[in-house]
Amino acid sequence: MGRHSLRPLVVLGATGSIGGQTLEVADRLDFPVVAVAGRRASDELLAIASRYADAVVCVADPGDRREEFTSALGGRVRFGPASLIEAAATPDTTVVNGVVGAAGLRSSLAALGAGNRLALANKESLVAGGPLIEAALRNGGGELLPVDSEHSAIFQCLVGEPDASLARVILTASGGPFRGWNADDLADVTVEQALKHPTWAMGPRITIDSATLMNKAFEVIEAHYLFGISYDQIDVVVHPQSVVHSFVEFTDGVVTAEVGFPDMKKPIQYAITYPERFEAPHAPFSLAGHDLTFFEPDPDVFPCLRLGYEAGRIGGTATAVLNAADEIAVKAFLDGRIGFRDIAEVVEIALNRHNAITPRDIGDVEAADTDGRVHAQEAVNARR
Ligand code: MG
């Protein structure tokens, strides 16, 4: 199969970090880009639109720049949230979903419903809508490939292996800026300290989620849905160097791993070229001179990890609440309204107040999301 038989790309969240790196990979490998989408009518999106002169351009919320975008881009611009869903359903494409937030779920469902390949970077799709994504995969004939480095590692370790041979996955976590701290030290953490991530430069929410390990909790839930395994089969190990991107243990005790220096372009590239492999985006890998270390995560320092397992084991809409409550709690921390350790407490309160159900449709997920936000906001307000 030559590269021209590979599917053209729909890039959702084109102005974000994953979207930008996807376009870099696409340019280097000569992938056609048939649609790009951004949340706002930004200058960045306009610049991207001019680089891909044949691509449909979707703007979820054009604000007051609707006319300007229409006169610049003519008939290839589309407006409103529905335009992203339509783009995701473009037949015979690979849809890279780098949308940030709950809005990404609808696009994921549309991509799978149309039988497309979904290269998934939007966490909310599986964390909030896991049961719906499972159903869309079963019914739509689409294909789901992870973009997150840990899940890409596990996926790659599993290529060619029979399902029944998988015993356990071990997700690696950088441990964030508070690895090695004790729980008491965390009480006075400042926003600035929490925003300093040792390995990856990312947006504020995901950086805080990395500091609390809530991001890893989400990844545990994603692994459950992506690989069809129970929560007892998913472990987390702290690995500050982020060189081992995750491990897989097989039933015969053999453990494999995917290893390399952190670079999101690799998992993005694999998700769009699978099962093929093309040239690397960086210099050859060498481990000489690097020490790799691994630790158990301290449950007192990282209660969010425990909450992730708890919500995952409850299942259904509980993980949608986990995500929604965390978004409120993180915002309250960033706004200086609650302390760092309150994030987990606020999320736990919201989780305990929710009666989880198995979601039948996106309305059930959205109702759980609202429930999580309301209860988390009440818990934040009670703390002032
Ligand atoms: Mg990750």
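Quick check on region 245-266: of everything there that is under 19 Å from the mean Cα position of the chain (by Cα) and open to solvent by 10 Å² or more (accessible area, probe 1.4 Å), which residue is modelled with the lowest pLDDT? In this case the residue turns out to be Pro262. Listed by position, the helices (runs of 4 or more DSSP H) enclosed by region 60-116 that each have at least 1 residues that are under 23 Å from the mean Cα position of the chain (by Cα) are 81-88, 104-113. Restricting region 6-52 to residues that are part of a loop (DSSP other than H, G, I, E, B) and in contact (Cβ under 8 Å) with a residue 40 or more places away in the chain leaves a set whose member that is most open to solvent (accessible area, probe 1.4 Å) is Arg7. Within region 345-358, can you find the residues that are β-branched (Val, Ile, Thr) and crowded, with 16+ Cβ neighbours inside 10 Å? Correct list: Val346, Val347, Ile349.
Test each condition in (1) under 25 Å from Ile357 (Cα atoms); (2) away from the ligand (no atom under 16 Å from the Cβ) for Leu120 and report the one that comes out false. Exception for Leu120: condition (2).
When you go through Asp361, Asp342, Asp371 one by one, which is the residue that is under 25 Å from Ser108 (Cα atoms) and buried (at least 16 other Cβ atoms within 10 Å of the Cβ)? Walk me through how you get there before you give the answer.
Values: Asp361 fails: buried (at least 16 other Cβ atoms within 10 Å of the Cβ); Asp342 fails: under 25 Å from Ser108 (Cα atoms).
The match here is Asp371.
Contact map, region 133-158: residues that are more than 19 Å from Glu219 (Cα to Cα) paired with residues that are assigned to a helix (DSSP H, G or I) and within 13 Å of the ligand (Cβ to nearest atom), Cβ distance under 8 Å, separation 6+ or inter-chain. No pairs are found. Looking across region 129-153, the residues that are within 15 Å of the ligand (Cβ to nearest atom), assigned to a helix (DSSP H, G or I) and within 13 Å of the chain's Cα centre (by Cα) come down to Ser149, Glu150, His151, Ser152. Scan region 303-338 for residues that are over 13 Å from Ile221 (Cβ atoms) and open to solvent by less than 40 Å² (accessible area, probe 1.4 Å) and the total you get is 9. Of all residues in region 157-179, those satisfying the criterion of being over 19 Å from the mean Cα position of the chain (by Cα) and of a type in the set (A, V, I, L, M, F, W, C) are Cys157, Leu158, Val159, Ala164, Leu166, Ala167, Phe178. Out of all the residues in region 154-178, which are in a helix (DSSP H, G or I), modelled with pLDDT of 95 or more and within 16 Å of the ligand (Cβ to nearest atom)? Ile154, Phe155, Gln156, Cys157, listed by residue number.
Check Ala164, Ala183, Ala187, Ala135 and return the single one that is outside the structural domain of Phe302 (by TED's automatic domain parsing) and open to solvent by 20 Å² or more (accessible area, probe 1.4 Å). Result of the check over Ala164, Ala183, Ala187, Ala135: Ala135.
The values are calculated or read from the model by the stated rules, or taken from the named source; none is laboratory data. All values reported here derive from a predicted model rather than from experimental measurement. For neighbour counting, all protein chains shown are included, and Cβ atoms are generated from backbone atoms with ideal geometry for every residue, glycine included. Just the protein is used for accessible areas: all its heavy atoms, side chains included, with ligands, DNA and RNA removed. Shrake-Rupley method; radii C 1.70, N 1.55, O 1.52, S 1.80 Å.
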